[in-house]
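Accompanying notes for the structure given below.
The values are calculated or read from the model by the stated rules, or taken from the named source; none is laboratory data. What you are looking at is a predicted structure, and each value in this text was computed from that prediction instead of being measured. A quick note on method: Cβ atoms are made from the backbone with ideal geometry, for glycine too, and the neighbour counts reach across all protein chains shown. Note: areas computed on protein heavy atoms with side chains; ligands, DNA, RNA excluded. Shrake-Rupley method; radii C 1.70, N 1.55, O 1.52, S 1.80 Å.
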Amino acid sequence: MLDLLPPELILDVLSRLSVFTLRSLRLVSHPWNIFISLNQQAIYRQAAYLHQYTIPDNETLQEAILYHPGSPWRDAVDWQDFCKISLQLQRNWVGGGRAVPRVLSSAGSDTHRFKVDEKQRICIATHMRGGITVSLLFPDVLLWSLPQTHVRPFAHCEYGNGFLVFDRLGSSKEVWRLASDFASNDAVVEAARPDYTQLRAAAQAAQRHGYAGRGHFRPWALLVFPEMTLAYRFVYPTLLSASESRAFLYDVRTGTLMQTIENVVADGDNINYVELSERNLSLPGEFIAGHVSADGRDLVLLRKHGCVIFVQDFENHLDDIESSALEVRIRGHHSQYLAFEEGRVGVATRQGLYVFTLDSFGRREVLSADDREYASFPRISMSGMNPYGLQNDLSCLQITDRRMFFTWNARERAEGIVLYGDPSSDPYNAGEGLMSLEDGNGGGQILLGDEDEDDSEEDDEDEELEGDDEEDIADDEDDFDQPEPFPAMPIHLMIRALQNTVVGCIDMSLMPEAEAGVI
């Protein structure tokens, strides 16, 4: 066949094959192995696009590595190596590889909300006592902070594309921006300019941490809403904030109000969470939380008693979502938090943490109502773990391309769980087996279908709320976050949380030692 077809056509065919098929082809045929080896860069670059390990805009290996900065991709020497690393990371996520527990502690033990930026290698956290801290993601170093006198206790925060948004008491939201992103001609409209309080806090932060190091922020805007709002969500460049009757959409780049939507909540309903995507906004009613994927295609909803609903390409099925949805029930578990990022869904319950990989093969296609033979995400996989020490008031969970962050009382972790980085731990054994793979039926824990569940086990009390100079810092990479409790918790739980809660992390990015052979 190699002699009969032109090389251009052969390359076109090979560009449509998965890494699994390429591996089989190389193992069973010496001529094919030679051809693929001679054209390795072009073939495995296409495989990386096919599996969505990177985006087509990244034409060179260097661009792909910059798109995923730090470990594990920084050690890739060619496109085949890049695919091999990405495939191993994928195996780690579904419970077939290595998962290591870690913590971030430099910012203190009273974190309320946090946001992780893997590309900047920073973790932004608000705190129960008040204040904001920015830490480096491994090594764990405090980079920048705002004091308790400026940021209220239990403040919520949102972050995206270098913009940080957090709420003041009252009807205002502060917008800050990474100092490294400022340009001389950047400006917001006059009505939204930062006020004196923000400028004073920035000056004090500069005195403590310097003016423009990594993870440093400068005040950008002050958004004053027409009325008190109850929940908000930021998806760059739009900030959605909802009151009891209206929703307001602001462009944070200019500080301008783009749209006001009236009558967004039915009489008798309460708002404690809002969601925003490029084409949709939602205010989950009967659900604890709901998230739309970054591309706006997929929807995930979380009910109170461990019920997760997945809808693939939901805009194509608005007339009959129920028949196209996949419902997963985690029997006997009280839901606490939902995260949906990077093609994975994280669910936190009082009993443990669960990760659903929507397409465990890393390939997916748009399914229309006519060609759908199965429910949403027929290749979904699930892994789970119970690190112990999860607070009843777990208040933050985030998934990145290589780690899962959550609020954690690491002092009460399960026996045998050794934190990576402990002097006595072996970095290639610490935390081995922490993530355990479940099949579609979850070994009896995960139920697919319509089995009834006892919804009387738990009360409604804990429903989830809304949604230095770089040269002086070692280049070791990895990220992590901080912990957080609920604003309305009993005083004895609050005192305990203030003393013990930190940000925990399950790290999938630490690769086992390289094995010889092809993928």
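Is region 24-70 rounded, prolate or oblate when judged by the Cα gyration tensor, a ≥ b ≥ c being the square roots of its eigenvalues, rounded requiring a/c under 1.5 and prolate requiring a/b larger than b/c? Prolate is the answer for region 24-70, as a/c is 1.5 or above and a/b outweighs b/c. In this label model, Arg74 and Gln40 are separated by 2.3 nm, measuring between points 7 Å along each Cα→Cβ vector. Given axes a ≥ b ≥ c from the Cα gyration tensor, I'd like to know whether region 54-124 is rounded (a/c under 1.5), prolate (a/b larger than b/c) or oblate. Oblate, since a/c reaches 1.5 and b/c is not below a/b. The simple spin-label model puts a point 7 Å past each Cα toward its Cβ; for Gln259 and Met228 those points are separated by 2.7 nm.
If R0 equals 60 Å, the separation of the Cβ atoms of Ala187 and Arg411 corresponds to a calculated FRET efficiency of about 0.80. For Asp313, the solvent-accessible surface with a 1.4 Å probe is about 10 Å², rounded to the nearest 10. One Cα centroid belongs to region 306-323, the other to region 50-121; the line between them spans 29 Å.
A straight Cα-to-Cα reach below 23 Å connects Lys173 with the lysines Lys115, residues fewer than 8 places away in its own chain not being considered. Segment Glu244..Asn33, full-extension length gain: 69.6 nm, with 0.36 nm per residue of separation and the alpha-carbon distance subtracted.
On a per residue basis, region 122-268 carries 41 Å² of accessible surface, using protein heavy atoms and a 1.4 Å probe. One chain, two ends: Asn161 and Asp319. Fully extended at 0.36 nm per residue, the span grows by 53.4 nm beyond their Cα-Cα distance. By the scheme Lys and Arg +1, Asp and Glu -1, what is the net charge of all other residues having a beta-carbon under 14 Å from that of Gly170? Summing Lys/Arg as +1 and Asp/Glu as -1 gives -1. First check a/c for region 1-144, with a ≥ b ≥ c the square roots of the eigenvalues of its C-alpha gyration tensor; if it is under 1.5, answer rounded, and if not, answer prolate when a/b is larger than b/c or oblate otherwise. Because a/c hits 1.5 or more and a/b exceeds b/c, region 1-144 counts as prolate. Provide the net charge surrounding Thr60, with neighbours chosen by a C-beta distance below 13 Å and charges set as Lys +1, Arg +1, Asp -1, Glu -1. Surrounding charge for Thr60 is -3. On the accessible surface of region 5-66, probed at 1.4 Å, how many percent belong to carbon and sulfur atoms? Using a 1.4 Å probe with all protein chains present, region 5-66 comes out at 59 percent carbon and sulfur.
Ranking of Lys173, Lys304, Lys119, Lys84 by solvent-accessible surface, largest first: Lys119, Lys84, Lys304, Lys173 (1.4 Å probe, protein heavy atoms only, all chains present). Taking amide H positions as modeled 1.01 Å from N, with prolines and chain starts lacking one, the residues under 5 Å from Arg177 and 5 or more places away or on another chain are Leu164, Arg218, Trp220. The phi torsions of region 157-170, fed into the Karplus equation with coefficients 6.51, -1.76 and 1.60 and a -60° offset, translate into couplings of 9, 10, 8, x, 6, x, 9, 10, 10, 9, 9, 9, 5, x Hz, rounded to whole numbers, with Gly and Pro shown as x.
For region 31-45, the residues whose amide N sits under 17 Å from a probe point set 7 Å from the Cα of Tyr67 along the beta carbon direction are 41-45.
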